[in-house]
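The values are calculated or read from the model by the stated rules, or taken from the named source; none is laboratory data. Here the structure is a predicted model, which means the values were calculated and not measured. Neighbour counts run over all protein chains shown; Cβ positions are idealised from the backbone, glycine included. Protein only, heavy atoms only, side chains kept; ligands, DNA and RNA dropped before computing areas. Shrake-Rupley method; radii C 1.70, N 1.55, O 1.52, S 1.80 Å.
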Amino acid sequence: GGAAMAAVRDVEIDPEGTFKYILVRLQRPGGAEQRDIVRGTGAAEFHNHIFEKVNPDMEKLGYECKCLGGGKIEHNSKDKKIRVFGLSTGYGKADHSVTVEILKKVYTDYEITWSDDKK
């Protein structure tokens, strides 16, 4: 079980720009093993577009997915800064502090901040 879960990347976001993101909880059906992942892209007009792409991929690996909420990510790769803010109308606001902790695992040399600001 652990190997398949390890194969799923913690973070998949666009390398630049401001875009919608969602926080997704993966869980083995009936199992205690779970983890949260961050997915975001400017290609998604709505937050559910991201979930609709992630969900089937994770189901193939044997996970149940639950969207814990969403928001926006502003990714400035030149200055190595990421700002997490906003919310999802459909899924509600993700816990941005959790999102930041996950982002820090991947973007170790970045300044990463969050706020409840809408813009």
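Looking only at region 70-81, filter to residues that are touching an Asp or Glu at 6+ places or on another chain (Cβ under 7 Å) and outside any loop (DSSP other than H, G, I, E, B); which one of those is nearest to residue 37 (Cα to Cα)?
Ranking the candidates gives 75 first.
If residue 65 meets every condition in (1) over 21 Å from residue 116 (Cα atoms); (2) in contact with a helix residue (DSSP H, G or I) (Cβ under 6 Å, 6 or more places away or on another chain); (3) open to solvent by 70 Å² or more (accessible area, probe 1.4 Å) apart from one, which number is that one?
Against the list (1) over 21 Å from residue 116 (Cα atoms); (2) in contact with a helix residue (DSSP H, G or I) (Cβ under 6 Å, 6 or more places away or on another chain); (3) open to solvent by 70 Å² or more (accessible area, probe 1.4 Å), residue 65 comes up short only on (3).
(1) in contact (Cβ under 8 Å) with a residue 24 or more places away in the chain; (2) not in a loop (DSSP other than H, G, I, E, B); (3) not charged (D, E, K, R): which one isn't true of residue 90, the others all being true?
Here residue 90 meets the rest and fails (2).
Does residue 84 satisfy being closer than 13 Å to residue 21 by Cβ and assigned to a strand (DSSP E or B)?
Taking the combined requirement at face value, the residue satisfies it.
When only residues in region 34-62 that are charged (D, E, K, R) and within 13 Å of the chain's Cα centre (by Cα) count, which is least open to solvent (accessible area, probe 1.4 Å)?
Residue satisfying both the conditions and the ranking: 39.
Pull up region 69-97, narrow it to residues that are of a type in the set (A, V, I, L, M, F, W, C) and open to solvent by less than 50 Å² (accessible area, probe 1.4 Å), then point me to the one that is nearest to residue 119 (Cα to Cα).
Among those that are of a type in the set (A, V, I, L, M, F, W, C) and open to solvent by less than 50 Å² (accessible area, probe 1.4 Å), it is 85.
Of the residues 35, 25, which single one is over 24 Å from residue 118 (Cβ atoms), touching a residue at least 24 places away in the same chain (Cβ under 8 Å), among the basic types (Lys, Arg) and in contact with an Asp or Glu (Cβ under 6 Å, 6 or more places away or on another chain)?
Only one candidate qualifies: 25.
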